[in-house]
1. Of all the residues that make up the stretch 466-487, how many are of a type in the set (F, W, Y) and under 14 Å from M310 (Cβ atoms)?
2. Would you kindly identify the strands (runs of 3 or more DSSP E) lying entirely within the stretch 407-518 that contain at least 2 residues that are surrounded by fewer than 16 Cβ atoms within 10 Å (Cβ to Cβ) and modelled with pLDDT of 85 or more?
3. So the check is Cβ under 6 Å with 6+ separation or different chains; which pairs have a first residue in the stretch 128-155 that's of a type in the set (D, E, K, R) and assigned to a helix (DSSP H, G or I) and a second one that's surrounded by 23 or more Cβ atoms within 10 Å (Cβ to Cβ) and at pLDDT below 85?
4. Please go through the stretch 340-374 and pick out each residue that is more than 20 Å from the chain's Cα centre (by Cα) and at pLDDT below 90.
5. Could you tell me whether the stretch 149-159 includes any residue that is of a type in the set (S, T, Y), modelled with pLDDT of 85 or more, under 31 Å from the mean Cα position of the chain (by Cα) and farther than 28 Å from V431 by Cα?
6. Going by the structure shown, is G287 on the phi > 0 side of the Ramachandran plot and modelled with pLDDT of 95 or more?
7. Of everything in the stretch 473-501, what is free of Cβ contacts under 8 Å to residues at least 24 places away in the same chain and within 30 Å of K450 (Cβ to Cβ)? Give them in sequence order.
8. Is one or more of the residues making up the stretch 224-246 closer than 30 Å to A459 by Cβ and over 26 Å from the mean Cα position of the chain (by Cα)?
Amino acid sequence: MRPFTQQVIFKNHDAVNKARTQLLKIVDDICIKNDLSYFAIKDLLTGAVHYSDFIPSGLDAKAEIGLLREDFDKLLKILYEKREGLEFDIIDRYKSGAKTLRLCISKEVVIEQEALSVKDVATIEICAFDFVPTSVAERRMFQNKVSKLRSAYEKSANLLPPITQVPMNLRKVFLFFKDSVVYGRKSPKKLYSKFMKTTRKYSDTGYVSCLTQEKSVTLKTSELFPLNRVKFNDIEINLPNDYSKWTVQINDDLMKQTRTIQKIDLVLLKEFDAICRKIGVKYFICGGTLLGHKRHGGFIPWDDDIDVGMLRADYDKFLKEANKYLGEDFFLQTRKSDRKIPYLFSKIRLNGTEYVTNYNELRDFHKGICLDLFPFDYVPNSLNERKRFVEKVLFWSNVHFETVNHQPEKPKYDSRPKTFYEWWARFSSEVKRKAIRLIPLKLTQHLYIKKATKYNKKAEKLGLTTVASYIPTYTYGKASDLYDCVDIDFEGITVMSLKDPDKFLTMQYGDYSSLPLLHKRVGHDLIRWSVSDEIADKYNIYED
């Protein structure tokens, strides 16, 4: 019966989405009638932008809308006043015993198929957006305080004995007694009240965030309003004025921009290939570049960088000798040449260009358009031994990136602190920033490389056959497969590639021949990019 039940549930996607659309329509009508401003967020927004419907990925995609706290409270009051006549259930926080900090409205969907009744639930989540501090330091301190309160409330409200958790084990027993000591004597109702009081601390700062969620984007109110009215399924809903922090609109301008950046990528790839052949080292295109060659016959249409891999010996040789041959327009970015980089791999960047993402915007290093160069190191043949070793390597990579992520540049403030809380937030943030910046990234990178390269020198003696790269994601393959290279044509340039790329691509992507959903056909979280007129003219960047 199990396979049959799963099949029926899969066929219920349309029914559940139809019910969710009805719920959206009811909320939309209430908001219009009472002059309340709501806006689609997250998965619902992504679906509206790219499909004018829910994301076509089954029931995993949630349907969430947001309102500023004032409008949220008004909507909540209206729903409770009218709840007797509503066609759905209201699940509200602690008051109804739901033990959640978000408001949900849900409707049961019953499907009759082949004499079998299948029940499902269509749900819409409604989230309140509260004002948060303007300064980054104060905002982080405030959000951290709210996060601790939220965690304490949820732990206290949802504290369950281990016998209710299947399967039961000693770890769950230990965690239950630990949480019972820490949270068990705290009243969920009092914690809830304290949490809600704290979220209302600020007003009209110009910045808002959904504090009931563990991770939420911070938005300017100008990014929310005025709202845009768009078609969704057979109704209309509201979208934020600027939704770029949630998803990117795929259009002709974006594709033209991507293609222009790809032309610069080819300049980098051509230079890299020429140097590798001069100094006698092998490499292979990998990642999205290899996937693009295999699936699209060139670049993935929405990809905007180049990925190449090398065994560590050739990687080290390249870093040692490449600058002898690199043209003046190129910059080999390593820890030695640019000590502030956060990466555990190297890049070749084109001078006179800029590629700014959400990740690197506030970091101080060369941000030109680049080619990524990943080293591969030997790992044990035994699967169990390899798993333990990889975990240790990833531990040190996490140590490095945790250090990187807590070493931001000094923030710029528009005004002096007006309250003691704001002053303390800035002061404590600066102390923490300076303390962590005392840890040299050169040290954390050294510790990572020392662990990652442990088996390289004794690989031949131990008969090791597999190599792996751990960044940005863990990938591996037989050394013989990766270095059985052949020359191929990639967008008019001769480059080195794997003779049989299927094993590598299947390991990394699974069914790599299938295209991703439309909303996932985007590159990196690009904020802005540029190329100087001199570089554009020299390499004919804008010529078709």
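1. 1
2. On the way: elements: 466-469, 475-478, 485-490, 493-498.
The strands (runs of 3 or more DSSP E) meeting that bar are 485-490, 493-498.
3. What qualifies is E138/A425.
4. Passing the criteria: K340, D364.
5. no
6. Against the criterion (on the phi > 0 side of the Ramachandran plot and modelled with pLDDT of 95 or more), G287 does not qualify.
7. S480, D481, D484
8. Just the residues of the stretch 224-246 that are closer than 30 Å to A459 by Cβ, to begin with: none.
Among the residues of the stretch 224-246, not one is closer than 30 Å to A459 by Cβ and over 26 Å from the mean Cα position of the chain (by Cα), which makes the answer no.
The values are calculated or read from the model by the stated rules, or taken from the named source; none is laboratory data. Here the structure is a predicted model, which means the values were calculated and not measured. All Cβ positions, even for glycine, are placed from backbone atoms using ideal geometry, and neighbour counts span all protein chains on display.
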